[in-house]
1. Any idea which residue in region A:13-38 is nearest to A:G53 (Cα to Cα), counting only those that are touching a Leu at 6+ places or on another chain (Cβ under 8 Å) and within 13 Å of another protein chain (Cβ to nearest Cβ)?
2. With the structure loaded, tell me whether A:G104 is at the interface with chain B (Cβ under 8 Å from one of its Cβ atoms), assigned to a loop (DSSP other than H, G, I, E, B) and farther than 18 Å from A:E22 by Cβ or whether it fails that test.
3. Can you pull out the residues in region A:51-105 that are within 24 Å of B:L33 (Cβ to Cβ), in contact (Cβ under 8 Å) with a residue 40 or more places away in the chain and not hydrophobic (A, V, I, L, M, F, W, C)?
4. Using the structure shown, decide if B:Q38 is of a type in the set (S, T, N, Q), modelled with pLDDT of 90 or more and under 19 Å from A:L106 (Cα atoms).
5. Within region B:3-108, considering only strands (runs of 3 or more DSSP E) that don't extend past its boundaries, which have at least 3 residues that are in contact (Cβ under 8 Å) with a residue 24 or more places away in the chain and away from chain A (no Cβ under 11 Å)?
6. Of everything in region B:24-49, what is surrounded by 14 or more Cβ atoms within 10 Å (Cβ to Cβ) and either more than 20 Å from A:A96 (Cα to Cα) or hydrophobic (A, V, I, L, M, F, W, C) (or both)? Give them in sequence order.
7. Grab the strands (runs of 3 or more DSSP E) fully contained in region A:1-50, keeping just those with 1 or more residues being touching a residue at least 60 places away in the same chain (Cβ under 8 Å) and among the hydroxyl-bearing types (S, T, Y).
8. Which of the residues belonging to region A:63-100 are within 14 Å of chain B (Cβ to nearest Cβ), in a loop (DSSP other than H, G, I, E, B) and either touching a helix residue (DSSP H, G or I) at 6+ places or on another chain (Cβ under 6 Å) or surrounded by 16 or more Cβ atoms within 10 Å (Cβ to Cβ) (or both)?
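The values are calculated or read from the model by the stated rules, or taken from the named source; none is laboratory data. Given the structure is predicted, the values throughout are model-derived calculations rather than measurements. In this analysis, Cβ positions are derived from the backbone assuming ideal geometry, glycine residues included, and neighbour counts consider all displayed protein chains.
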Amino acid sequence: GAVVSQHPSWVICKSGTSVKIECRSLDFQATTMFWYRQFPKQSLMLMATSNEGSKATYEQGVEKDKFLINHASLTLSTLTVTSAHPEDSSFYICSARLAGAFTGELFFGEGSRLTVL
Amino acid sequence: AQRVTQPEKLLSVFKGAPVELKCNYSYSGSPELFWYVQYSRQRLQLLLRHISRESIKGFTADLNKGETSFHLKKPFAQEEDSAMYYCALTEGAQKLVFGQGTRLTINP
């Protein structure tokens, strides 16, 4: 089956530093990837849609300068949390859609837990 | 804007009892509805989609456009069904929007 891998799965950083999270589709190509944020005991909140070779589309209320998304290839999207602050601590989850698929079925990564001290 | 509502955050039933997880949606177009499941310490995965009209692990869900609902049902719950269940909606190949999720606990 289609596998999506995130790295790192867990990261702790100091306030003010930047953190990059990678999302890779291991055995398929993904023209579209999605980044979600999940707070404890809450649902997944869509942050942005990442399209290969073009700018990401951010959801309302998500700061594009704060959460930089790059989708440079058909198998890799990165989320960089810039100048991280404690309120950015969260569980970040990426998902990917098979290239050419016209469906809402997504394959999810295992998530990355960010803790900002 | 599309919206998905799961009214129950927690649902607890006994093994062998029927299960129904509620999902209502609001969308003006022709949505595609899904149920995703997340077992303990595992990633989110697709359980079923309305267009397939299939039964997965004994679960079924029927899209009721009149009531704008997509409830998930299983006639006889099993302990391994304990998990977090999310109802989700999308249109075409666009973004997937999730409901708040329902934590299902099956008691032995």
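1. Here is the first cut: in region A:13-38, the residues touching a Leu at 6+ places or on another chain (Cβ under 8 Å) are A:13-15, A:19-25, A:28-31, A:34-38.
Next cut, within 13 Å of another protein chain (Cβ to nearest Cβ) only: A:23, A:30-31, A:34-38.
Working: A:C23: 15, A:A30: 11, A:T31: 9, A:F34: 14, A:W35: 16, A:Y36: 20, A:R37: 23, A:Q38: 26 Å.
Per the criteria, the residue is A:T31.
2. Considered against the rule, which asks whether it is at the interface with chain B (Cβ under 8 Å from one of its Cβ atoms), assigned to a loop (DSSP other than H, G, I, E, B) and farther than 18 Å from A:E22 by Cβ, A:G104 comes out as yes.
3. Across region A:51-105, the qualifying residues are A:S95, A:R97, A:G100.
4. Values: of a type in the set (S, T, N, Q): yes; modelled with pLDDT of 90 or more: yes; under 19 Å from A:L106 (Cα atoms): yes.
When the stated conditions are applied, B:Q38 passes them.
5. Numbers: elements: B:3-5, B:10-14, B:19-21, B:24-26, B:32-38, B:45-49, B:72-74, B:83-90, B:102-107.
Filter on region B:3-108 gives B:10-14, B:19-21, B:24-26, B:72-74, B:102-107.
6. Initially, region B:24-49 is screened for residues surrounded by 14 or more Cβ atoms within 10 Å (Cβ to Cβ), giving B:24-25, B:27, B:31-38, B:43-49.
Once the filter is applied, which keeps residues that are surrounded by 14 or more Cβ atoms within 10 Å (Cβ to Cβ) and either more than 20 Å from A:A96 (Cα to Cα) or hydrophobic (A, V, I, L, M, F, W, C) (or both), region B:24-49 yields B:N24, B:Y25, B:Y27, B:L33, B:F34, B:W35, B:V37, B:L44, B:L46, B:L47, B:L48.
7. Values: elements: A:4-7, A:10-13, A:19-25, A:32-38.
Per the criteria, A:4-7, A:19-25, A:32-38.
8. Correct list: A:L98 only.
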